[in-house]
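Below you will find the structure I want to go over with you.
The values are calculated or read from the model by the stated rules, or taken from the named source; none is laboratory data. Everything numeric in this text was worked out from a predicted model, so none of it was measured. Neighbour counts are summed over all protein chains in view; Cβ atoms, including those assigned to glycine, are modelled from backbone coordinates with ideal geometry. Just so you know, the surface numbers come from the protein's heavy atoms only, side chains and all, with ligands and any DNA or RNA stripped out. Shrake-Rupley method; radii C 1.70, N 1.55, O 1.52, S 1.80 Å.
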Amino acid sequence: MGPCVTATMTLFCGIQLSSFDLSLFTLSHLRFGNQTRNFRLYHDGKHFVGEKRFESIHDLVTDGLITLYIETKAAEYIAKMTINPIYEHVGYTTLNQEPTLKKLLTHSPDAPDGPVPAKDDCNAEERLTSLVRRATLRESDLAPKYEKVHNFKVHTFRGPHWCEYCANFMWGLIAQGVKCADCGLNVHKQCSKVVPNDCQPDLRHVKKVYSCDLTTLVKAHNTKRPMVVDMCIQEIEARGLQSEGLYRISGFSELIEDVKLAFDRDGEKADISSNAYEDINIITGALKLYFRELPIPLITYDAYPRFIETGKITDPEKRLESLHEALKLLPPAHCETLRYLMAHLKRVTQYEKENLMSSENLGIVFGPTLMRAPELDAMTALNDIRYQRLVVETLITNEDVLF
C-alpha cells in the first residue's frame, strides 16, 4: 500500500513536497520554481512515480530534482538533440574479437604503410569506443549485410555517461537511458526511437546459440546462416541421407540436449561428428530443437498469416505466386536460412526409397517446427497444422523456383 509517511510536509533542495496517503498510492504535490505538480507516488517495496523505482524517497526526490531542472532549463535544447546527431557522422560498430576483423583493423586501407608500433597494437582496442568503431573498422565484402533493430533495455549507468547517438549528457540517478543488450550501444530513451536499425551484435553480449534471435546470432558471428544449421546439415548429408525415417525418428533427448549445450558452449568448434554422436537422429533432433527454440520462428509471427493463407489456396500456380510474395515478408537472414534448409530437405527426398521420407512426410515434421501460430486459440492452431504441412511441402518441392 502507500508509504508510511502520512500528511507530511518536507522541504528538500528547495522543493516543497506534500503527501497525502490514500489506499493504493500517496498523492504528492511538488512545488518546483513557480509551478505546482501533482504526482501519484506508489510503493511496492520500492518507491516509484513512473518507470523508475527507488529504494528511498530521498533518491526519488533527488532524481526528480535533476530531471525537472534539466527539462525546465534545457527544454529547447533537449528537443533539438536528435536533429543533428554525431551518430550520423561517426556511427558505430561493435569491436568483434574474431581474427578476420582484427586483421581488418590492423590492415585498414586508411592506415599508413609500414609496421605499426607494438605499443599501438596493445592499446588499439582500449582506445576504441562504440562511437568511433565504424570509422576504424571496414566491413568484409563477404559479410552478410542483414538489417537488425537494436534490443534496447532500460539501464542504470554508474558515473557520468554520454549518449552515443547525440553525444549529450545522460542525466538522472538511475535508469538514465537505454542500452542495447546485443551490441552495447548506450543512448537516451528518446534517442533510441530514431537510432537506425544497424545493430552489430557483440559476441561478448551474445552468450548462446540456442534460443538466440536468428539475425542477432548470424550478425554476431559474421555468417550468412546460423552455424548450427550449416554444421548439422553438413553432418547429416555426409552420413545420414539414406537413414530410414530421417527427421521422423527421434534421438535420445539427453544426447540432443548435450549437442545443444556443446553449441552454446563451443559454437562452431562443437564436435558433432560420428565419433561423438554415432546416431544421426541425435543430429537431426538437435537441428529441429534449434528451430523450435527460436524466440522468433524461422517463418516469423508477422509473416505467419500470409503463409497460412497461401496454404489454403488450392490452385498450384496461384499458391506458388502467393508463396513467392509471402517469402518477401521474411527478414533476409530468415529467408536465407529457409532457402538453405529447403534445398537440403529436397536432397533428402531424392533418397526417398531408402529413407522413406517424402516431401509430404517432411512437411508433417517441419510444419509446426518452422511455423508457430502467434497467440491463436487452441482450435485455430490445431486447424492450421494441415496448412503448415502444405506450405513446407510446397517449399520443398518448388525450392529451385521459389528461391
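Which residue is most open to solvent (accessible area, probe 1.4 Å), if the candidates are limited to the range 265-317 and must be in contact (Cβ under 8 Å) with a residue 24 or more places away in the chain and of a type in the set (Lys, Arg)?
ARG292
In the range 370-384, which residue that is touching a Phe, Trp or Tyr at 6+ places or on another chain (Cβ under 9 Å) and open to solvent by less than 40 Å² (accessible area, probe 1.4 Å) is modelled with the highest pLDDT?
The qualifying residue modelled with the highest pLDDT is LEU370.
Collect the residues in the range 323-369 that are under 20 Å from VAL218 (Cβ atoms) and open to solvent by 50 Å² or more (accessible area, probe 1.4 Å), keeping them in residue-number order.
Across the range 323-369, the qualifying residues are LYS328, LEU329, PRO332, ARG339.
Also: Taking the condition open to solvent by less than 40 Å² (accessible area, probe 1.4 Å), at pLDDT below 95 and either assigned by the TED database to the domain that holds ASN275 or not in a loop (DSSP other than H, G, I, E, B) (or both), does GLY245 pass?
It is false that GLY245 is open to solvent by less than 40 Å² (accessible area, probe 1.4 Å), at pLDDT below 95 and either assigned by the TED database to the domain that holds ASN275 or not in a loop (DSSP other than H, G, I, E, B) (or both).
How many of the residues in the range 160-204 are open to solvent by 50 Å² or more (accessible area, probe 1.4 Å), over 30 Å from ARG225 (Cα atoms) and either part of a loop (DSSP other than H, G, I, E, B) or free of Cβ contacts under 8 Å to residues at least 60 places away in the same chain (or both)?
Number of matching residues: 6.
Can you tell me how many residues within the range 205-229 are assigned to a helix (DSSP H, G or I) and of a type outside the set (S, T, N, Q)?
Residues that pass the stated criteria total 9.
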